[in-house]
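What follows is a single structure, written as structure tokens, with notes after it.
Each reported figure results from applying straightforward, stated rules to the coordinates on display, with no laboratory input. These numbers come from a predicted model, not from an experiment. Note that each Cβ is placed from the backbone with ideal geometry, even for glycine, and that neighbours are counted across all protein chains shown.
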Amino acid sequence: MLDYSKYEEEELVGLLKSGDRIAYTEIYERYRRPLYLFAFKRLGNREEVKDLIHEVFISLWINHESLNLRYTLTTYLHSSVRNKILDILAHNKVSSKYIASFNQYKESGQVFADYAIRHKELEAIIEKEIEALPCKMRQVFNLSRKSFYTRKQIAQELGLSEQTVKSHMHHAIKILKLKLGSLLIVTFLINLYN
């Protein structure tokens, strides 16, 4: 068996482009930690950084055949991580504005007659997006978030492995975050202060 750890970056990129999974694994093992540290210094949230790094490497594998590097793989990976960090920071800034707006509303003591209607509309929008999830993913999500089942209980109920349940939850939350964004935060705050 070849020792991929001795390969230069350019050789690994060539192997990656041809679909070599071992080269991909070597790239992951070689760059995962430095990229994690780079992102963690900027975001400071371990789970958010793990997800970000995971997304960068998934994207690398999905696009391995069409990978066109202007510079080095290191530069490409750092740029990908930096761009994801900027996306997260921009999203957090928008979320902060919604939270500030809600807090201002809450502190002003104003009560609008249509509060209940707005609340129901938000719930309907969120429920619609949950219903749009793929069947198994939706089942896992509902058992976890609505019935408060543990991962193990969900796995037993649906005849899945715990890892599959975890994967379904991760993807469901990612899809809902992408589709609903700040609506989830606003709804959470409304429920919190209701």
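Only the Cβ atoms of Lys and Arg (+1) and of Asp and Glu (-1) were treated as charged; on that basis the dipole of region 33-95 about its Cα centre amounts to roughly 300 debye. In order along region 163-177, the Karplus-derived 3J(HN,Hα) couplings, from 6.51 cos²θ - 1.76 cosθ + 1.60 at θ = phi - 60°, round to 5, 5, 4, 4, 5, 4, 5, 4, 5, 4, 5, 4, 5, 5, 4 Hz, and Gly and Pro are given as x. Here the Karplus curve 6.51 cos²θ - 1.76 cosθ + 1.60, taken at θ = phi - 60°, turns the phi angles of region 75-91 into couplings of 4, 4, 5, 5, 5, 4, 5, 4, 5, 5, 4, 4, 4, 5, 5, 5, 4 Hz, with x standing for Gly and Pro.
Applying a threshold of 27 Å to the alpha-carbon distances of LYS128/LYS166; LYS120/LYS177; LYS41/LYS177; LYS93/LYS166; LYS93/LYS179; LYS17/LYS41 flags LYS93/LYS166; LYS17/LYS41 as lying beyond it. The slack between ASN45 and LEU89, meaning 0.36 nm per residue of separation minus the straight C-alpha distance, is 14.6 nm.
If you plug the beta carbon distance of THR75 and ILE22 into 1/(1 + (r/R0)^6) with R0 = 22 Å, you get a FRET efficiency near 0.45.
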